[in-house]
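Notes follow once the structure below has been shown.
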Amino acid sequence: MRKKITTSILITCMILLSCKAQNHSVTEKNSSVADSTLVYENNKVVGKISQPTTYNCKACYTISNSKIGNIKIKVPVSNRVINNQSVLEQDFAIDKIATNGNTMVIKYSSTSSSKAYEMEVSKDYIVRLLTYSYGSKDIKIGEKDYESFQANSICQSEKKIKIKDTVTLNDSYVFATKDCFDCPVKYTIEECIANKKKGVKMNWE
């Protein structure tokens, strides 16, 4: 009888310990997921994404769960007014990280405008930056006559930029005038860039 009771107690204890371990594992997993939404400023946690706050961000950011090798990706964060409350939101959304031969391409977009971006990274260098946005361009069709056409404004630079251990997604890159142009929406972004490199005249009709 005693053996049966002892055995029952042992089994019960093992079940309880197993449940506790599983709960602890789930808690750790949830904490890990929550950490990706933490907002930092000067390496200090100041809040969480999509939560109301009284903190006024000046240089806030989150650390993306995505990486390029050992290189971390910082995503800037700003205060947005939602339902009459100040809320912390990311300035950019990472749409895709793709491999392009020996390089990695981060494709991201603005969360407050129509702008889209590409950042191509090779080892410790940014080797290409691209930004484009939808709009319109007035084209001269007569001596004093202009017509507005739908267009994409494109800027691309292949200047190498050294990376330490982190890249920051932003909209403050300075492009030379020669690196920017407008292209009819009938062409894809890739076709626009290829045509510009070849010196092909764009057809706006």
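Every number in this text was worked out from the coordinates using simple rules, so none of it is lab data. On a predicted model such as this, the values are computed, not experimentally measured, just so you know. No Cβ is skipped: glycine too gets one built from the backbone with ideal geometry, and neighbour counts run over all protein chains shown.
Structure notes:
- Measuring how big the stretch 92-205 is from its alpha-carbon positions, Rg and Dmax come out at 15.8, 54 Å.
- Proximal charge balance of Glu89 [Cβ under 14 Å; K/R count +1, D/E count -1]: +1
- Placing a label point 7 Å from the Cα of Leu38 along the Cα-to-Cβ direction, the residues of the stretch 76-119 whose backbone N falls under 17 Å from that point are 76-77.
- Extension gain, Glu89 back to Thr111 (0.36 nm per residue minus Cα-Cα distance, nm): 7.0 nm
- Residues whose amide H comes within less than 5 Å of that of Ile163, counting only those at least five positions distant or on another chain, are Tyr125, Ile126 (H built at 1.01 Å from N in the peptide plane).
- Placing pseudo-labels 7 Å out from each Cα toward the beta carbon at Glu191 and Ile49 gives an inter-label distance of 3.4 nm.
- Chain lengthening between Lys58 and Lys74 when straightened (0.36 nm per residue, less Cα-Cα): 4.3 nm
- Residue-by-residue Karplus 3J(HN,Hα) for the stretch 182-193, coefficients 6.51, -1.76, 1.60, Hz, glycine and proline x: 9, 9, x, 5, 5, 9, 6, 4, 5, 5, 4, 5
- Extension gain from Tyr125 to Asn203, taking 0.36 nm per residue of separation minus the Cα-Cα distance: 24.5 nm
- Distance between the pseudo-spin-label points of Ser136 and Gln150 (7 Å out from Cα toward the beta carbon): 1.2 nm.
- Taking amide hydrogens as placed 1.01 Å from N in the peptide plane, the amide H of Gly47 sits under 5 Å from those of Val39, each at least 5 positions away in sequence or on another chain.
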